[in-house]
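The values are calculated or read from the model by the stated rules, or taken from the named source; none is laboratory data. Quick caveat, the model's predicted, so the values are computed rather than measured. Cβ atoms come from the backbone with ideal geometry, glycine included; neighbour counts cover every protein chain shown.
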Amino acid sequence: MTSHPLASPNEAARRADNTAVVFNIQRFSLHDGPGIRTVVFLKGCPLACPWCANPESINPGIERLLDPTTGEATPAGRTHTLAEVLKECEADRPFFEESGGGVTLSGGEPMMQHVFATALLQELQQRGIHTAMESTGHVAPRVFDRALDHLDYLLIDVKHHDRDAHKRWTGGYNDLPLRNLSRALERGIRTQVRIPVIPGVNDALDDATAFADLLRSLGVERVQLLPFHQFGERKYTLLGRPYHMAGVPALHPEDLVDYRAAMVHAGIDAFF
């Protein structure tokens, strides 16, 4: 399992002109933080999870999605300035104000483009817009701490309770996600922990109990379970990449009743 390196000083220098490679700006999202959200998806991820539903987010550069049947090519990613992104977010302000929503940064890992991402969070807060971030947590602590300075709400994935298994499946150990999760909780930032439940990776009842024990030790009380799905499979074909989860059955909430019950029994309020 390979992974991309953490955001580096070279990346910071490259993004110092306040531009970023964005692969989508999604409006009217109801699942990426409170209220109605505008979600800004930044390219680049330090991990390489084989179940990733947005494989076009992993490579930090601009790519093409090529349909092998029609030959039609669609760009995955475009360079945006900070002003351009802010303008698009501001257009949705009436929906934010009516619903208690705001802007969520996502990816990939948005902190792979941390200079731009932190500047965007800061500017949004200064304008009175609620800020949220979806993160792998696999981010250098000093970079993550700077983002927390301008963050109202954090959604963070914990992909495996076991350090070595986390490395085997994602390309990175779970030390950084757990450290950054703890830091967010210490600073009193409203935080939603999420567990992607993947067949053959972390879907056993023993995994549920181990997750609960680990997260409870950090002060986490509530966890969202994300059942595995196959929604991203076609994107791998369009990118010309192998999809290693082909044939793995999708999970649904009804498949995880006992899993959820095991977490609840161990002291964690788990929900879908």
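One residue is enough: does region 65-80 have a residue meeting the conditions of a type in the set (S, T, N, Q), assigned to a loop (DSSP other than H, G, I, E, B) and more than 21 Å from ARG194 (Cβ to Cβ)? Can you show your working first?
Keep residues of region 65-80 that are of a type in the set (S, T, N, Q), which gives 69-70, 74, 79.
So of that shortlist, the ones also assigned to a loop (DSSP other than H, G, I, E, B) come out as 69-70.
With more than 21 Å from ARG194 (Cβ to Cβ) added as a condition, the list becomes 69-70.
Yes, region 65-80 contains a residue that is of a type in the set (S, T, N, Q), assigned to a loop (DSSP other than H, G, I, E, B) and more than 21 Å from ARG194 (Cβ to Cβ).
Going through region 227-242 one residue at a time, which ones are in contact (Cβ under 8 Å) with a residue 60 or more places away in the chain and either outside any loop (DSSP other than H, G, I, E, B) or under 28 Å from VAL193 (Cα atoms) (or both)?
Kept after step one, since they are in contact (Cβ under 8 Å) with a residue 60 or more places away in the chain, are these residues of region 227-242: 228-229, 231-232, 235-241.
Correct list: PHE228, HIS229, PHE231, GLY232, LYS235, TYR236, THR237, LEU238, LEU239.
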**Asked** If you go through region 152-182 one residue at a time, how many are of a type in the set (Phe, Trp, Tyr), buried (at least 21 other Cβ atoms within 10 Å of the Cβ) and assigned to a loop (DSSP other than H, G, I, E, B)?
**Response** 0
**Complete:** By residue number, the members of region 224-235 that are buried (at least 18 other Cβ atoms within 10 Å of the Cβ) and either closer than 30 Å to THR69 by Cα or acidic (Asp, Glu) (or both) are PHE228, LYS235
**Asked** VAL103: out of contact with any Pro (no Cβ under 9 Å at 6 or more places or on another chain) and β-branched (Val, Ile, Thr), yes or no?
**Response** yes
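Restricting region 236-263 to residues that are more than 22 Å from PRO50 (Cβ to Cβ) and surrounded by 15 or more Cβ atoms within 10 Å (Cβ to Cβ), which is farthest from the chain's Cα centre (by Cα)? I'd like the intermediate steps shown before the answer.
Restricting attention to region 236-263, the residues satisfying the condition of being more than 22 Å from PRO50 (Cβ to Cβ) are 253-254, 257-258, 260-263.
This time we only want the ones that are surrounded by 15 or more Cβ atoms within 10 Å (Cβ to Cβ), so: 260, 262-263.
Numbers: ARG260: 22, ALA262: 25, MET263: 22 Å.
Ranking the candidates gives ALA262 first.
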**Complete:** If we ask which residues in region 117-151 are surrounded by fewer than 24 Cβ atoms within 10 Å (Cβ to Cβ), part of a strand (DSSP E or B) and not charged (D, E, K, R), their number turns out to be 2
**Asked** Just wondering, is there one or more residues in region 144-152 that are touching a residue at least 60 places away in the same chain (Cβ under 8 Å) and either over 24 Å from GLN26 (Cβ atoms) or in contact with a helix residue (DSSP H, G or I) (Cβ under 8 Å, 6 or more places away or on another chain) (or both)?
**Response** no
**Asked** If you take the residues in region 52-79 that are of a type outside the set (Asp, Glu) and surrounded by 21 or more Cβ atoms within 10 Å (Cβ to Cβ), which one is modelled with the lowest pLDDT?
**Response** ALA76
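One line per residue, one yes/no per condition, for (1) farther than 22 Å from ARG260 by Cβ; (2) in contact with a Lys or Arg (Cβ under 7 Å, 6 or more places away or on another chain); (3) at pLDDT below 95:
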{"site": "ASP145", "(1), (2), (3)": "yes, yes, no"}
{"site": "LEU155", "(1), (2), (3)": "no, yes, no"}
{"site": "VAL158", "(1), (2), (3)": "no, no, no"}
{"site": "ARG163", "(1), (2), (3)": "yes, no, no"}
{"site": "LEU176", "(1), (2), (3)": "yes, no, no"}
{"site": "ALA184", "(1), (2), (3)": "yes, no, no"}
{"site": "VAL197", "(1), (2), (3)": "no, no, no"}
**Asked** Does region 55-62 contain any residue that is touching a strand residue (DSSP E or B) at 6+ places or on another chain (Cβ under 8 Å), assigned to a strand (DSSP E or B) and under 30 Å from PHE272 (Cβ atoms)?
**Response** no
**Request:** Scan region 183-223 residue by residue and report those that are outside any loop (DSSP other than H, G, I, E, B), surrounded by fewer than 16 Cβ atoms within 10 Å (Cβ to Cβ) and either free of Cβ contacts under 8 Å to residues at least 40 places away in the same chain or touching a strand residue (DSSP E or B) at 6+ places or on another chain (Cβ under 6 Å) (or both).
**Result:** GLU186, ARG190, ARG194, ASP206, SER217, ARG222
**Request:** Sort through ARG15, ARG37 and tell me the only one that's at pLDDT below 90, crowded, with 16+ Cβ neighbours inside 10 Å, among the basic types (Lys, Arg) and on the phi < 0 side of the Ramachandran plot.
**Result:** ARG15
**Message:** Whether any residue in region 196-205 is touching a helix residue (DSSP H, G or I) at 6+ places or on another chain (Cβ under 7 Å) and under 21 Å from GLU134 (Cα atoms) is what I want to check.
**Reply:** yes
